[in-house]
Structures are given as C-alpha cells and as structure tokens.
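The values are calculated or read from the model by the stated rules, or taken from the named source; none is laboratory data. Every value quoted in this text rests on a predicted model; they were computed, and no experiment measured them. Here the Cβ positions follow ideal geometry from the backbone for every residue, glycine too, while neighbour counts run over all protein chains shown. All accessible areas refer to the heavy atoms of the entire protein, side chains included, with ligands and DNA or RNA removed. Shrake-Rupley method; radii C 1.70, N 1.55, O 1.52, S 1.80 Å.
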Amino acid sequence: MTPTPTTFFLVRHGQTTWNVERRLQGHLNSPLTETGRRQARAAGKTLKDTPIAAAFTSPSGRAVETAEGIIGRRDITLTRHEGLREIGLGPLEGMPLSEAEKQHPKACRDFWEAPHDFDLPGAERFSQVQERVLGTIDGLFRSHAGQTLLLVSHAIAIKTALAFFLEKELRDLGDIRLPENGRILTLRETGGRLALLDPDACIIKAETVK
C-alpha cells in the first residue's frame, strides 16, 4: 500500500484593520476586519471535506482568529507556534507605512527592494525569519509524517519559506507574489520531501514587451 503523503495547507491570516490602514504589524497585532473573517470562513469552506489531523498557528491574534475561522466547529486541535510568527519589525511596528518611510527610508526601501540587506536595530533579518519558519515546517514534517496539517502564518514569513521551495535567493523575494489574505498554499510530500504545489502561481511573471 502506498503511504499517505504528508500535506501542509499554509494560509496567510485574513485581512486586518492595520492592513486596511497600511500600518506595519510585525509582532504587534490588529483584529480581523469583516472581510478578513469572511476570508477565513471561505478557506474553511474550501477545506471542509479534507481530513486535517491538527492545526498550528502563529500566536498573533490575527492568525489565531483566522485559524479558528477556518476550523469552525471541526474537532481539530489548534496549537500556537512561535516559529510561525511574522517578521519582527522593531521600531517600525504599529507605524503607518508613510511615516515609516520618512523616519527609516533606507530600511523601508531595503524591506521591499533588497530584503537580503534589510538590517534595522530591533528588527529581524529576513534570513532569521526564513530559518525559523523552515525549521518549524521541517520539525512538523518529521513529527507528523503521513498527516495533513493546517498552518496559519503571515505574508513575509510565508514568502521567505516560498523562496526556499521555489529555489530562489532572498535577494529575489520580489519575484514571488505576496500571498493574499486567506490564500491557501499547499506543500505535499514528494520523494521524501515537501514540495510546493503549483509553484508557477507564486511567481510574478515579467510582462512581455511588444
């Protein structure tokens, strides 16, 4: 009998009030909007007929609320895991993006255009985030062989993991689509290791010049 492949559904939390206000969140939190709650329920509806052994979420409230919205009334154990937390942004957290760009122009520019160079006192580097997220995924892969798990995390945390599965350097993070709120990405065991399903959908295609 062919063993059941280990499968992870990796989901970004639903839209939050600070997403709408264009404030930087990091380790700070803001609640889901009604749109965010609908996104969580929609993801839950998509997965309603899929057996899920357990769910793991970033301890941030927006991620926990999203995970609970996905699970609904299903009997699925939900565990908070520090390894799935968003990038820590130190002094930028809670700040409107426009104000952050004024006070920390280089850091904000590097954050979007040169993530491998992002280095702000009090904030995490992208390499640190990637290391802990991938370490978390690998640990769960080893401890939950043959099971299907739900993982709820954040935009940058997920993007750094995608870079690994897409075999891209952190300097090329701009080539990877920012995961939409509530989007479900699937990692499935192939040949003894996890692989990203539909990787092309995660890549930003360069427009053809006519």
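Side notes on the structure shown:
- When T35, T79, T2 are checked against the criterion of being modelled with pLDDT under 95 and either part of a loop (DSSP other than H, G, I, E, B) or not hydrophobic (A, V, I, L, M, F, W, C) (or both), a single residue qualifies: T2.
- One residue alone among A161, A100, A195, A145 is exposed (fewer than 15 other Cβ atoms within 10 Å of the Cβ), hydrophobic (A, V, I, L, M, F, W, C), more than 21 Å from I70 (Cα to Cα) and in contact (Cβ under 8 Å) with a residue 40 or more places away in the chain, and that residue is A145.
- Those residues of the range 164-188 which are part of a strand (DSSP E or B) and either of a type in the set (A, V, I, L, M) or open to solvent by less than 60 Å² (accessible area, probe 1.4 Å) (or both), in sequence order: I176, I184, L185, T186, L187
- Scanning the range 190-210 for residues that are assigned to a loop (DSSP other than H, G, I, E, B), closer than 25 Å to L134 by Cβ, modelled with pLDDT under 95 and not acidic (D, E) turns up G191, G192, I204.
- A43 satisfies every condition listed in (1) in contact with a strand residue (DSSP E or B) (Cβ under 7 Å, 6 or more places away or on another chain); (2) surrounded by 23 or more Cβ atoms within 10 Å (Cβ to Cβ); (3) under 26 Å from G94 (Cα atoms) except (3).
For every residue, the table says whether it meets (1) open to solvent by less than 40 Å² (accessible area, probe 1.4 Å); (2) basic (K, R).
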position	(1), (2)
H81	no, no
L89	yes, no
L92	yes, no
K106	no, yes
D119	no, no
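- Restricting the range 11-32 to residues that are touching a Pro at 6+ places or on another chain (Cβ under 8 Å) and assigned to a strand (DSSP E or B), the residue that is surrounded by the most Cβ atoms within 10 Å (Cβ to Cβ): R12
- The criterion of being surrounded by 15 or more Cβ atoms within 10 Å (Cβ to Cβ), touching a strand residue (DSSP E or B) at 6+ places or on another chain (Cβ under 9 Å) and part of a loop (DSSP other than H, G, I, E, B) does not hold for G69.
- Number of positions in the range 43-66 that are more than 11 Å from V152 (Cβ to Cβ) and either more than 17 Å from the chain's Cα centre (by Cα) or assigned to a loop (DSSP other than H, G, I, E, B) (or both): 10
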